[in-house]
Amino acid sequence: MTIDITKLNQGLVKEIPLDEDVSFPEEILQNSEILHLKDVHLSGNLFLDEEQELVLAATLNGVMVLADSISLEPVDYPFSIEIEEKIEKKEEIFENTLDILDILWQNIVLEVPLRFTKVEDYSKLQGEGWKLLSEEEATTSNNPFEDLKSMFGKE
């Protein structure tokens, strides 16, 4: 996402408003937990602060499609990210343009949860000789440690 910052550098405007849909190339998603990004929208401003450094102040909203932590099915995970970041001079491609796609991607990657599931019915998740238990089932039913707790309570 390349932005022309000529007017900002020349002092003709105080800020550049940003209100656009953002798309990410599929190659950038390959080495991440994100299967797909959809409806990503950026709104905010790009301006120079008191030290004449470029600052991006924006909100990034969208939906990331992740693999469910339990069933591995694709699941929508909505996100909303507040960004306020100083842009280093190395980010500028040319003197009057700026590509902020890497900055946006870094902020999205930080929002990916370690585990996310929408599975509510654990009874379907079973096979020959195994089944997945909820936390409540694991602590109350057929727990060999419950017998030990009762033995320690008698002394």
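Every number in this text was worked out from the coordinates using simple rules, so none of it is lab data. Remember, predicted model here, so these are calculated numbers, not experimental data. Heads up, the Cβs are rebuilt from the backbone with ideal geometry, glycines too, and the neighbour counts pull from every protein chain shown.
What to note about this one:
- With R₀ set to 30 Å, the beta-carbon distance separating Ser23 from Glu84 gives a calculated FRET efficiency near 0.85.
- Ranked list, fewest to most other Cβ atoms within 10 Å of each Cβ, for Met64, Met151, Met1: Met151, Met1, Met64
- Dividing the alpha-carbon radius of gyration of the range 2-119 by the rule-of-thumb value 2.2 N^0.38 Å gives 1.21.
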